[in-house]
Amino acid sequence: MSVSRAVACTRVTRWIYPALDGTLGPRRVALLEAHLAGCDACRGLHEREAVFRTRIASAAAARPLAPASLHARLREALLPDDAAPAAEPGRARRAIPLWRWAVALAAAVAFGVLLVEPLVREGSSTPALILSVAAQQAALVEGRLPLEVVSGSSEDIADWLEPRVGFPVDLPAAAGPGVDVVGARLTELAAAEAAAVLYQVDGRPVTLFTFPAATLGAADRGGRTVEVGEKGHRFHLYRLGTLTVTLWARGAAGYALAAPAEVEASRGCAVCHLGDEGRRFERALGAGPAPR
Amino acid sequence: MDPIRRAAFTEEVLRHVDRLYWFARMLTHDAARAEDLVQQTVLRAFEKADQLRSHADCRPWLFSILRNFHRMALRHEGTLPEPTSGDTAFATLEAELYPPPLTPEALVDHELTVEALERAIEQLPPLFREVLILADLEGLSYESVATAVDCSVGTVKSRLYRARNRLRLALASESTAPLAARRATR
């Protein structure tokens, strides 16, 4: 080995750590790469160091998780019942005027829509699933939960999700102009696996979460329930601050659609499996009280 | 805090519970104490949520809270570690001037289990242990590690350099130690 090569080796060897850390400047990275291309000894050192780090990271990936009881305790402590927004508490306790029942019944007859449980039940709280959905909608919009796949095609998104989740992926077709799919990511909702698909509806962010139907739990029995059409598509609507969350199940999958209040419910339902019956959803919402 | 932001913050913090727990376990060597530390950390984070900028990565902040609780407990017990002689500008210079030692081929060829890694990390001095975990296993940047352990970036580099070298030695001895001896040390 020549003296100049030895000196060069000593110098570039110092750069291996910061290079693998990603903190070496671009000029030195270029010099390092050029040197490694022609020096078996340094290339071997570099490769060994990289493999060693991978080994450590792989071993660390199997590190023990926190006990489930700790997760449950923290979740319970941080998402107490009083976290429920009870968007309109006064309204929740108000008696239902007879005329509203009459209007709802008339609407049901006219449009084949049956409105059930139109007002909030007294003392009820917002399910953890709804809070999770709201939280993640905010995180997605703010970029704190980055998308893992970006595509304007629902089919491409479904193809990407399908092998990555343990439940059937059946994304509704984005219906009509002004509704565009943006991308998706894997996530968790209420401690269960889920996928989040971000749409733009009339320029506003709307997120469709899909997960195993069992995740719906008690949330599938609360909120404002809306049944649409002869097939009896059933939706549960919750209002949390300025966000409306619509839940439904379809086969083995559950869905939660999070839409800001500025998006009209009927437009939000552009991605809720109703297809041609979407207008009935709009009429149902128009006829009844706001979701809680 | 409004309900959506509260829920968003909660979800963000709860996402990191497993990582906080492991960090706490590696600091305390005690599962029950680790649980207590994580619980204290998460609840304190929730109380101080307004201190966190909405778009910031909260991991350095959470690790910092956990570390402070741990150090408070050690101080109470009178076992708080002092900064080592490695925490000097000279040590930083040393890290920059001298090449890292070679990673033995045996370490590369040897299958590494999480138990072996934990045993090796436990042999490191506490101040080295925490920067190694945060930088190499949690993937935090030097700056984030510095925030988490309340020191300069130069000190992080210095401690990390030494921590990695010691980890190599510990793993090398781990891989060559007889199984019986390893069991005896558990």
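A few notes on this one:
- Rounded Å value of the spacing that divides the Cα centres of the stretch B:25-72 and the stretch A:211-263: 35
- Interface B:A - total buried accessible surface [probe 1.4 Å, Å², rounded to 100]: 4500
- Contour excess over end-to-end distance, with Cα ends at A:Val150 and A:Asp202 and 0.36 nm allotted per residue: 16.9 nm
- Length available on full extension from B:Ala172 to B:Ala32: 0.36 nm per residue minus the Cα-Cα distance, which gives 47.4 nm.
- Per-peptide average of other Cβ atoms within 10 Å, ordering A:62-71, B:113-122 highest first: B:113-122, A:62-71
- Residues whose placed amide H lies under 5 Å from that of A:His233, excluding near-sequence neighbours: A:Val228
- Largest-first ordering by accessible area, 1.4 Å probe, given options B:Met72, B:Met26: B:Met72, B:Met26
- The slack in the chain from B:Val114 to B:Arg15, taken as 0.36 nm per residue of separation less the alpha-carbon distance, amounts to 33.5 nm.
- Per-residue average of Cβ from other chains inside 10 Å of B:156-168: 1
- Estimated vicinal HN-Hα couplings, Hz - the stretch A:37-50 in sequence order (Karplus 6.51, -1.76, 1.60; Gly, Pro = x): 5, x, 10, 4, 5, 5, 5, x, 4, 4, 5, 4, 5, 5
- With a simple spin-label model that places each label point 7 Å from the Cα along the Cα-to-Cβ direction, the separation between A:Arg11 and A:Glu76 comes to 6.4 nm.
- Two-site label geometry, A:Asp159 and A:Ala30: point separation in nm, points 7 Å out along Cα→Cβ: 3.8
- Within 10 Å of the Cβ of each residue in A:71-78, the mean number of Cβ atoms contributed by other protein chains is 5.
The values are calculated or read from the model by the stated rules, or taken from the named source; none is laboratory data. Owing to the predicted nature of the structure, the values given are computational and were not obtained by experimental measurement. Virtual Cβ from ideal backbone geometry, glycine too; neighbours counted across all protein chains shown. Ligands, DNA and RNA are stripped out before the accessible areas are found, and what is left, the full protein with its side chains, is counted by its heavy atoms. Shrake-Rupley method; radii C 1.70, N 1.55, O 1.52, S 1.80 Å.
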